[in-house]
Amino acid sequence: MGLKATINLLNASTVVAISGGFRIYIAFLLAGKNTDITISLVMILMVYSTYTMDRTINCKEDEINREEESNANKCYPFLLVCMCLLSSILILIQARILPLIAFFPFVMGFMYTKGFKIGDYSIKLKRGLGFKNFFVAFTWAFTIIFLVYPAESLSLVLIFIFFFIKSFINTVVFDCRDIKGDSQAGLTTIPVYLGESKTKLLLQLIQSSFHICLIALAIFDLIRFEMFILLYSWIGGMIYISLYANSKKTMFRSIVVHGEWAHMLIFRSLAIQLSSNAFHSS
């Protein structure tokens, strides 16, 4: 078993896991609630365990798309996944939140990777056109809503849709990267079916139309979402769709796409600081 491959496997989900922590932080802001760092930590642990388990369980397309992890020792990832799940459960109990929610994305992720069988009928979620993207987006949007509950009903619905669409777009962007492996494995993903150009146009249409609707609702004071978050999410999403909805291999894709929430919070803090300084100096 290769040490380097094992380290690659253990580290592969770190960025997306940290992104999950920032994502729940943004969800608290959108819900108008005080942010809870412990819940952000729970989200990081849940995302890491789910995606690390997904990478640990080999699939044909993964062997092609992730050759650098092909001879990894799988014992350490399994052990770390169990530790993350146990830690998230203990934190949820301490926070008086139903601990079973920690298993929801994990179980859904396992079903996504391995599929499930009902009698003689088997379903492989990775093989459906757009269905895998819907499935992943629903899983994380639902988890976020559960962790920020309670909040105003309309806000919860829109927060669910917001993170569902963002997650859907992000999964399709990463499917663009994996076109070669998915094609050879017989997977008909959206980029494989539409091609890079049409996929990019579809994602830009979804991104713009949804954000324009949210911005209009915020302008007319029908929702209390921060305008900065909506504008940054819209513009940032359009940028990374244009740059990374392709099959080119680049180390910056994960940093830019998954790191969007971190960038957003950094620039939000700077904007608040600048506006505060301008107010005091006037």
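Some observations on this one:
- Percent RCO, i.e. relative contact order, over region 3-281, from Cα pairs under 8 Å lying at least 6 residues apart: 20
- Computed log₁₀ I(q)/I(0) - Debye formula, equal Cα scatterers, no solvent, region 137-219, q 0.14, 0.27 Å⁻¹: -0.58, -1.21
- The alpha-carbon atoms of region 194-240 define a convex hull whose volume equals 53 cubic angstrom per residue.
- Springs between Cα atoms under 10 Å define the GNM used for the chain, and in it the highest mean-square fluctuation of 249, 114, 74 occurs at 249.
- The average projected area of region 3-281, computed from the convex hull of its Cα atoms over all directions, is 16.6 nm².
- Seen against the Cα atoms of the chain and their longest principal axis, helix 14-30 is set at about 30 degrees.
- Taking 0.36 nm per residue of separation and subtracting the current Cα-Cα distance, fully stretching the chain between residue 100 and residue 4 would add 31.1 nm.
- Global geometry of region 185-282, whether rounded, prolate or oblate, following the gyration tensor of its Cα atoms and the 1.5 cut on a/c: oblate
Values in this text are rule-based calculations from the coordinates and carry no lab data. The structure displayed is predicted, hence computed values, not measured ones.
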